[in-house]
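Only one structure is covered here, and it is reproduced in the block below.
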Amino acid sequence: MNLEQLNILLADDDIDDCCFFKAALDELRPPSHYLAVHDGEQLMKLLTNETKELPHILFLDINMPRKNGFECLEEIKKSEKLKNIPVVIFSTSLEQTVVNRLYQSGAQYFIRKPADISQYQKIILHAITFIAQGNMSQPTRENFVVTFQNSLKV
């Protein structure tokens, strides 16, 4: 699969973070198809809609209203229709118990939201490139957390 064919979905209630994400994605070449939702209920409604094409990759924030990222991830991984969507957790938190729970729940990667737009671009490109290359299985626990420093290997 090539990068311009990717459907990317971001679930994040923080409008500023959505703008950063979109701006970073717009700078990547080739462009991908992008959609954002702003709460967990909206996300699950979109994903379970029979007429909608599923995303190739979902970037999921943990702390969202109505239904949080943990609840959404659990629903996604229990669904036959949705369980193969790579879910990349995109959060400001890096609490070890949270990271462990997300890994055990089947998230593909955990990315700590970076501080600036250039870091957003590099880290998003890292995750998208990895998925586009067909690396769909969950990495080892040591490689689960993607930071700005280890995304520079792309």
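The values are calculated or read from the model by the stated rules, or taken from the named source; none is laboratory data. Not measured: the values here are computed from a predicted model. Note that each Cβ is placed from the backbone with ideal geometry, even for glycine, and that neighbours are counted across all protein chains shown.
Looking only at the stretch 65-75, which residues are touching a residue at least 40 places away in the same chain (Cβ under 8 Å) and either within 17 Å of Gln121 (Cα to Cα) or surrounded by fewer than 17 Cβ atoms within 10 Å (Cβ to Cβ) (or both)? Show your work before the answer.
Filtering the stretch 65-75 for residues touching a residue at least 40 places away in the same chain (Cβ under 8 Å) gives 65, 69, 72.
Answer for the stretch 65-75, where residues must be touching a residue at least 40 places away in the same chain (Cβ under 8 Å) and either within 17 Å of Gln121 (Cα to Cα) or surrounded by fewer than 17 Cβ atoms within 10 Å (Cβ to Cβ) (or both): just Pro65.
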Check Ile89 against each of (1) touching a Pro at 6+ places or on another chain (Cβ under 7 Å); (2) closer than 16 Å to Ala127 by Cα; (3) at pLDDT 90 or above and name the one condition it does not meet.
-> (1)
Give the residues of the stretch 111-129 that are more than 12 Å from the chain's Cα centre (by Cα) and crowded, with 21+ Cβ neighbours inside 10 Å, sorted by residue number.
-> Tyr120
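Hey, among the residues in the stretch 97-109 that are surrounded by fewer than 21 Cβ atoms within 10 Å (Cβ to Cβ) and of a type outside the set (Lys, Arg), which one's nearest to Val87 (Cα to Cα)?
As a first pass, look at the stretch 97-109 and keep what is surrounded by fewer than 21 Cβ atoms within 10 Å (Cβ to Cβ): 97-101, 103-106.
Keeping just the survivors that are of a type outside the set (Lys, Arg) gives 97-100, 103-106.
On the way: Thr97: 18, Val98: 15, Val99: 13, Asn100: 15, Tyr103: 11, Gln104: 13, Ser105: 10, Gly106: 8 Å.
Ranking the qualifying residues of the stretch 97-109, first place goes to Gly106.
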Residues satisfying the stated conditions in the stretch 106-136, i.e. part of a helix (DSSP H, G or I) and of a type in the set (Ser, Thr, Tyr) | Ser118, Tyr120, Thr129
Checking Leu10 against (1) surrounded by fewer than 18 Cβ atoms within 10 Å (Cβ to Cβ); (2) modelled with pLDDT of 85 or more, which single condition isn't satisfied?
-> (1)
Any idea which residue in the stretch 13-46 is farthest from Glu75 (Cα to Cα), counting only those that are modelled with pLDDT of 85 or more and of a type in the set (Lys, Arg)?
-> Lys22
Within the stretch 30-64, the count of residues that are surrounded by fewer than 21 Cβ atoms within 10 Å (Cβ to Cβ), of a type in the set (D, E, K, R) and either under 16 Å from Ile128 (Cα atoms) or touching a residue at least 40 places away in the same chain (Cβ under 8 Å) (or both) comes to 1
